[in-house]
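Taking it in order: structure first as structure tokens, then the write-up.
The values are calculated or read from the model by the stated rules, or taken from the named source; none is laboratory data. On a predicted model such as this, the values are computed, not experimentally measured, just so you know. Quick reminder, even Gly has a Cβ in these numbers, built from the backbone with ideal geometry, and neighbours come from all protein chains shown.
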Amino acid sequence: MTTMLGVSFAGRAVLFAGGGAVAARRLPRLLADGALVTVVAPAVSSAVAELVASGRVAWTPRRVREDDLDGAWLVHAATGDRRTDAEVTQWCDARRILCVNTSDGAHGSARLTAETRSGDIVVGVASDTGVDPGRAARLRDAVAALLREGTLPLRRRRATRTGRVDLVGGGPGPIDLMTVRGRRLLAEADVVIADRLGPADELPAVLDPDVEIIDVGKRPGHHPVPQEQINELLITHARRGKRVVRLKGGDPFVFGRGGEELAACLAAGIAVEVVPGITSAIAVPQAAGIPVTHRGVSAGVHVVNGQAEITPTTLAALVDEAMTTVVLMGVAALPRLAAAALAAGADGDRPVAIVESGHTPAQRTTRATLATVAQRAAAAGVRNPAVIVIGDVTRADLLLGASAGERIGEARR
């Protein structure tokens, strides 16, 4: 019967009897834990030699002796000789020192588990009887995959003195388009402060029932929770020892006010991390089969906040046929933007595409030109959330023919 313990070797002496390939694989784990490692072996592998040269490992170039165990908390016997490893194990038993015997793991007093980490969680896998490192490693990898997906119960059950805030980019909508780290942090959250975009609709299905979800989503002309109050919510919950995820559509730093929230947390002394997300400026056009750059068609992208003033830089991009202009939050501003572009000398026949509700079953693409887009959008009843793409990359026949975007959308549904 094997009892699993989580043991820290930080600042404690660990002896490696043998410096070959097995030692080379396992040394980094002990070093990462802060162990004070000494290797005793007539010769060492090149990987161990590099650690010795770096000063992280001490090396005594001879055969192991019993007095080498003096002061050790753990001994790792991997000399390559079964009799020597068994003798080291006997010395450890007599001195009550934990010993990993790699020649016969069933007869050592300790085993190194196949280990994986997720944040501050460490999961180790070991066999109870016999030694089968291949099986343990495969099971470890399967658990690691679930941890990365955020599908295991990662939330703390004991309150901590200090909480933290994670500004997480939710991507363009579906939760499986979030980053692995963002999905894991969502699984660890006690409080989720969410926008209306991104994977907000899927939260109740993937979070524990007692996770607090606070909707602070903004809509055109309707901001029920001011930004200053959002900042205060982040800080207040973190100070209560909560793990707080600020879940934002797209990327936190692309018109998402993530910089303001980061600055507010730092000023309040709150631990904070920013996790990037796939911005809708790229992902939503892609969902409709529109590449924002394409060799021989567009050499650059200009991303515009449709609610902001039209700048000379934006007008220059709209006129430049080698540039793609992507407008976010711009449905209401579309007539004004198109008129300004035409007045600046942009070609009225320049193609435009408006992609509504990208990466969802309600996705729809409306195509027009600069000269006709305002009227076409009004006639079609275009509504936010929508991404407007201006440039030759929006030509329906650019990639796979006129129905390319529609076929991509049908495949998704």
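Which residues, counting only those in the range 257-281, are buried (at least 21 other Cβ atoms within 10 Å of the Cβ) and more than 18 Å from the chain's Cα centre (by Cα)?
Answer for the range 257-281, where residues must be buried (at least 21 other Cβ atoms within 10 Å of the Cβ) and more than 18 Å from the chain's Cα centre (by Cα): 261, 265, 281.
It is to be established whether one or more residues within the range 233-248 are in contact (Cβ under 8 Å) with a residue 60 or more places away in the chain, of a type in the set (Gly, Ala, Ser), outside any loop (DSSP other than H, G, I, E, B) and closer than 29 Å to residue 324 by Cβ.
Checked against the condition, which is being in contact (Cβ under 8 Å) with a residue 60 or more places away in the chain, of a type in the set (Gly, Ala, Ser), outside any loop (DSSP other than H, G, I, E, B) and closer than 29 Å to residue 324 by Cβ, the range 233-248 yields no hits at all.
Evaluate the following for residue 82: is it outside the structural domain of residue 125 (by TED's automatic domain parsing), touching a Ser or Thr at 6+ places or on another chain (Cβ under 9 Å) and more than 22 Å from residue 137 (Cβ to Cβ)?
Details: outside the structural domain of residue 125 (by TED's automatic domain parsing): yes; touching a Ser or Thr at 6+ places or on another chain (Cβ under 9 Å): yes; more than 22 Å from residue 137 (Cβ to Cβ): yes.
Considered against the rule, which asks whether it is outside the structural domain of residue 125 (by TED's automatic domain parsing), touching a Ser or Thr at 6+ places or on another chain (Cβ under 9 Å) and more than 22 Å from residue 137 (Cβ to Cβ), residue 82 comes out as yes.
Which of the following residues is assigned to a helix (DSSP H, G or I), surrounded by 14 or more Cβ atoms within 10 Å (Cβ to Cβ) and either without any contact (Cβ under 8 Å) to a residue 40 or more places away in the chain or touching a helix residue (DSSP H, G or I) at 6+ places or on another chain (Cβ under 7 Å) (or both): 94, 41, 49?
Working: 94 fails: surrounded by 14 or more Cβ atoms within 10 Å (Cβ to Cβ); 41 fails: assigned to a helix (DSSP H, G or I).
From the options 94, 41, 49, the qualifying one is 49.
Anything in the range 297-332 that is more than 13 Å from residue 391 (Cβ to Cβ) and surrounded by fewer than 16 Cβ atoms within 10 Å (Cβ to Cβ)? List them, or say none.
The answer is 305, 307, 308, 309, 311, 312, 313, 316, 332.
Looking at residue 151, is it out of contact with any strand residue (DSSP E or B) (no Cβ under 6 Å at 6 or more places or on another chain) and either surrounded by 17 or more Cβ atoms within 10 Å (Cβ to Cβ) or not charged (D, E, K, R) (or both)?
yes
Name the strands (runs of 3 or more DSSP E) wholly within the range 266-348 that hold at least 3 residues that are in contact (Cβ under 8 Å) with a residue 60 or more places away in the chain and assigned by TED's automatic domain parsing to the domain that holds residue 252?
271-275
Taking the range 165-176 only, how many residues are at negative phi and crowded, with 19+ Cβ neighbours inside 10 Å? Walk me through how you get there before you give the answer.
Of all residues in the range 165-176, those at negative phi come to 165-170, 172, 174-176.
From what's left, crowded, with 19+ Cβ neighbours inside 10 Å: 165-170, 172, 175.
So the answer is 8.
Test residue 274 against the stated conditions and say whether it is over 27 Å from residue 352 (Cβ atoms) and at pLDDT 95 or above. Spell out the reasoning first.
On the way: over 27 Å from residue 352 (Cβ atoms): yes; at pLDDT 95 or above: yes.
Yes; evaluated as a whole, the condition is true for this residue.
Give the range 333-361 a look and list any residue that's surrounded by fewer than 19 Cβ atoms within 10 Å (Cβ to Cβ) and touching a Ser or Thr at 6+ places or on another chain (Cβ under 9 Å), or say none.
Within the range 333-361, 340, 347, 348, 349 meet the criteria.
Does residue 179 satisfy the condition of being at pLDDT 80 or above, farther than 30 Å from residue 18 by Cβ and of a type in the set (Ser, Thr, Tyr)?
yes
Here is a list: 167, 207. Which entry is touching a residue at least 24 places away in the same chain (Cβ under 8 Å) and within 30 Å of residue 259 (Cβ to Cβ)?
Just a single option satisfies the conditions, and that option is 167.
Does the range 347-362 hold any residues that are modelled with pLDDT under 95 and in contact with a helix residue (DSSP H, G or I) (Cβ under 7 Å, 6 or more places away or on another chain), and which are they?
Within the range 347-362, 358, 359 qualify.
Looking at the range 129-142, can you tell me whether even one residue there is in a strand (DSSP E or B), closer than 27 Å to residue 187 by Cβ and among the basic types (Lys, Arg)?
Just the residues of the range 129-142 that are in a strand (DSSP E or B), to begin with: none.
No, the range 129-142 has no match at all.
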